[in-house]
Each structure stands twice: as structure tokens, then as C-alpha cells.
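Take a look at the structure below.
Read-outs throughout are calculated quantities, based only on the coordinates presented, and are distinct from any laboratory measurement. Keep in mind that this is a model prediction, so the values were computed, not measured. Please note: Cβ atoms are built from the backbone with ideal geometry, for glycine as well, and neighbour counts cover all protein chains shown.
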Amino acid sequence: MPETRKQRMPHDFNQQIIQEFRANRGKVGGPFQGARLLLLTTTGARSGVPHTVPLGYLDDEGGRMLVIASAGGSPRHPAWYHNVRANPYVTVETGVFTIEAEAAVVEGAERERLFARAVEADSGWADYQTRSGRVLPVVALTPRSGSEGHRRAGHLDVTRVPATSDDRAAVTASIRALVTGPPALAADVTPALPHTGGVPGRWVSAAGGSATEDGVTLYVHGGGFEHTQPTLEPLMACRLSQATGRPAFKVDQRLAPAHPYPAALDDVVAVYRSLLQQGVPADRVIVCGESSGGTLVLSALLALRQAGDPLPCAAVAISPLTDLTLSSRSLDSGDGRDVIDRRVAEHVTAQYLAGARADQAPQSPLHGDLHGLPPLLLVAGTAEVLLDDTRRFAAAASAAGVEVTLDLYEGMPHAFHASVMAQDPPPIAVTFLRRLTGWVAGTRAGSTRLR
């Protein structure tokens, strides 16, 4: 189809793809199975008639989606490109959301940078440019807010946190040292509340205060849905307690394969509900998780909203797996620098789902209705294979009206933040904690304490 890596196809074939895309929430088979597609509807520059075309795309900062006017390597620009030059207001269908957007042609150095990124992800774009004999235009599609008949776009604040190879080496060394000799836990472990919904776990407070007045940070650990590190996880809860200024509770959720989906999700939801039942205001609860724990945090938000429960004030997901169909391109773009790869992702999702559908929410958060979620802080390293899972969820949540902060740490691998548990955390870990503290302070959960 036009603008994918395949040769340009006839109009009737495009219509088949469009129908299949809409019928299957963005999934198509045949030669384009697994391709990242959207449907772009423009207004004909001459006819004024709506025109829809399937296009390959890349996510970009600020919630933008990038499309390239390759026309399959044709020497002429495609019709949709002429349309957006005449009328930049377009409609984008992602399979999950329909978004009103504004198209803008990217020029100069920014165009060169973005096109180089596209070629890095798929060399077919360079082949198309060579074949066409022209400079292929790069077009940015930016969601518009307040569109009639569509969800109001939220705000996506993207920050790229610079890091060096020395920072990465320091992170690696700190994590290795933790495994051999973790520091002592310097925190109050007295239970802040008498009950946790029948789910085991551990209270850790490095900030003092009262759960019912100051709130609670609910921490959901990672480990691929099947592992736990009982020596290290309280240290992470301690750091989160410090950063968020309230007691933290580390959930010991049930683990796969003995307890597949939805056991762990049910545990997180049960603990959260128990907090509210014991007088902790929902607007004083922060839910935080890493890796598979980040997945569970986002899944819990969807499950709670669907059930009509009050949602927490804020949520943090670090390096989450958000699309359990494993269709994010970054899963296949790793260069061996990350600590996990596609095979690991395939293993953990198979054990966790145990037959449950990978393309449905809440187990696969990206496939859910994200409208009405609380402010989100999403964190990922740019060297990790789950990078696109984080970026895609950030864009989708923002398009659904959610306030999203996306922090991307340059060159960092999966779950780099674990280095915060070190006795002497490396500089990039200190930056992570500082940014987390600042973000919490800017949410309702960080406002003046209830009295």
C-alpha cells in the first residue's frame, strides 16, 4: 500500500486494507501483518471530497505521528500529500482511537534528522527515496484538542534526559553491586494501615507521616510477571517513599506461571481498594510500577475505571510493556545493548496471559479506552527494546485527553532506574529521583497535605 515498505497497490486493494484495519482495531494480515499503520483521511485539494489512505508511520515527541510521502518510490508526490498542503486539517485512525490532527511538512535540519531516524528503523525508506529521484517529504500529524465528536487531546510533555556512556557504565556497575551486596534498609517498616485487602506485601516509610492524611505510594514490582526480589524491592519502595513524601506499600502480587492473568492484576486492585476502605483519599494515592509492574499499574487503572472506582491521583509506569501483541518495532531494533529482547518478551507474555487475548484490555493496556485516566509519568531508556511500548502508550493516552509526562533517558537500558537502590546512586539515578519528586509535587497528590 502507499507509504509502507511495499510497492504501491491499486485502489481496491487499499480499500480492503482499510476495511480490515477498521474491523480489527488496527490489525491487518497478509503482506502487511505486523506493520505499524494508520488511516489518514484528507480533504481533496480539488474535489473537496474526503480521501482515506493507509500509511506506515513513526511515533514522535509531543504526541506527533510522522508519515513519509514516498508513494512507493514514485517520482511524483502522492495525492494525500497535495491534499494536506492545501488543507492541513486531517483525521487519523490508529485502530484504537480516531483523532483530529493538523498536518505540517517538516523542513530543513529537522526533516533530515527525522528521515534518518525512519531509515534507521526501516531501510526501505532510503530505497524509496533513491528510486523516486526526489526528496521524500516528512509530514508531522499533531493531535488537535476540542474536536467535535472526538476525545479532547490531553497534554504530552516529552523530556529527553541526556546521559553519557559513563552514566550507563555507572548504572550497570551499581545494579551488579546490588545483586552481590544490597545496602541496609534505613526506613520505618511499621504497617501504616491494618489491612491490605488480603494481599501480602511490606510497608516502607522513609518520609514519616500518616497514610490517611499524607496518602500512600502503592509500589508494584517488576520481574516479568514471574519473579520477585524480596531483598531489593523494599529498597525501591524506600526510594519511592522518599521521592513521593508518603508511606509506600510494596505489593507481593501472585506470580505466573502458577498464577497467570488476572491474578496479579486482581491483587493490585484489591490492595488499592483496601486503602480507600480504610480512609486513604483516592486523591492522595500514587500508583507506581516498573517493567511488568508498570504494565500492572496501567492495567489496574483501566480495571478500576471500568468498575467505577475512584482513580488514584497519579500513576508512574517505568519501562512498561503496554502492547502484549508485541507489535512495537523497537522489540526488533535492539543492538544487544538492552538486558532483554523479543524472546524474553514472548516468554513473559505467554506465561502471564496463559491463553488470554493479547489484543484486549486491561491485560494489554494500549488496547484499552484510555479516557479519564489520571496524570501519568512514563519513563523509558532510549536503548531499551520496550521504548516504543512506552512512547505509543504516551501518544495514545494524550490523544485520549490524559495529561502525560514522558521522560526518555538517552542510551539507558531497560529498568535502568534500579540503580537508585544503590548506597551511592549514580548521577542519572539521582536525576530520576529528582524528576520524580518534582513531577509528584506538580500533581494534586503533591499539593498541601490534608488536615
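Relative to the longest principal axis of the Cα atoms of the chain, helix 427-441 runs at roughly 90 degrees.
Shown in residue order for the stretch 193-208 are the 3J(HN,Hα) couplings computed by the Karplus curve 6.51 cos²θ - 1.76 cosθ + 1.60 at θ = phi - 60°: 9, x, 10, 9, x, x, 9, x, x, 8, 7, 9, 10, 10, 10, x Hz (x for Gly and Pro). The phi torsions of the stretch 173-179, fed into the Karplus equation with coefficients 6.51, -1.76 and 1.60 and a -60° offset, translate into couplings of 5, 5, 5, 5, 5, 4, 5 Hz, rounded to whole numbers, with Gly and Pro shown as x. Computed from backbone phi, the HN-Hα couplings of the stretch 277-283 come to 5, 9, x, 7, x, 4, 7 Hz, rounded to whole numbers (Karplus: 6.51 cos²θ - 1.76 cosθ + 1.60, θ = phi - 60°; Gly and Pro given as x).
Using only the Cα atoms of the stretch 156-298, construct the convex hull and provide its projected area averaged over every direction, in square nanometres to one decimal.
On the way: hull surface 39.8 nm².
One quarter of the hull surface, i.e. the mean projection, equals 9.9 nm².
Each peptide in 44-52, 131-139 gets a packing score, the mean of other Cβ atoms within 10 Å over its residues, and the list from highest to lowest is 131-139, 44-52. Each Lys or Arg adds one and each Asp or Glu subtracts one; over the other residues with Cβ under 10 Å from the Cβ of T405, this totals -2. A dipole drawn for the chain from +1 and -1 charges on Cβ atoms has a positive end, and of T130, A184, G279 the residue lying farthest that way is T130.
For the chain, what does the relative contact order come out to in percent, with C-alpha contacts under 8 Å and a separation of six or more?
Details: 979 pairs, mean separation 71.3, N = 451.
This gives 16 percent for the chain.
Put simply, the amide H of E403, placed in the peptide plane, has neighbours under 5 Å in H155, L376, leaving out anything fewer than 5 places away on its chain.
Along the chain, the exposed loop sites are GluC sites (Glu not before Pro) outside DSSP states H, G, I, E and B with at most 10 other Cβ atoms within 10 Å, and the longest stretch free of them is 149-451.
Tell me the angle of helix 342-353 to the major Cα principal axis of the chain, expressed in degrees between 0 and 90 and rounded to the nearest ten. The two axes meet at around 60 degrees. Comparing A109, V220, A248 along the charge dipole axis of the chain, the residue lying farthest to the positive side is A109, per the Cβ-charge model. Modelled spin-label separation between T180 and H82, with each label point placed 7 Å from Cα along the Cα-to-Cβ direction: 6.7 nm. With K and R counted +1 and D and E -1, the other residues having a Cβ less than 12 Å from that of L304 yield a net charge of 0.
Rounded to the nearest 10 degrees, the inclination of helix 233-244 to the longest alpha-carbon principal axis of the chain is 80 degrees. About its Cα centre, the chain has a charge dipole of approximately 600 debye under the convention of +1 per Lys or Arg Cβ and -1 per Asp or Glu Cβ, with nothing else charged. Between A248 and V204, S205, A206, T217, the built amide H atoms are under 5 Å apart, and every one of these is 5 or more places off in sequence or on another chain. Less than 5 angstrom separates the built amide H of G201 from those of D252, all sequence-distant by 5 or more or on a different chain. Summing +1 for each Lys or Arg and -1 for each Asp or Glu among the other residues whose beta-carbon sits under 11 angstrom from that of S241 gives +1. Scattering from the stretch 347-451 was approximated by placing one identical point on each alpha carbon and applying the Debye formula without solvent; log10 I(q)/I(0) at 0.11, 0.14, 0.16, 0.19 1/Å stands at -0.46, -0.72, -0.90, -1.11.
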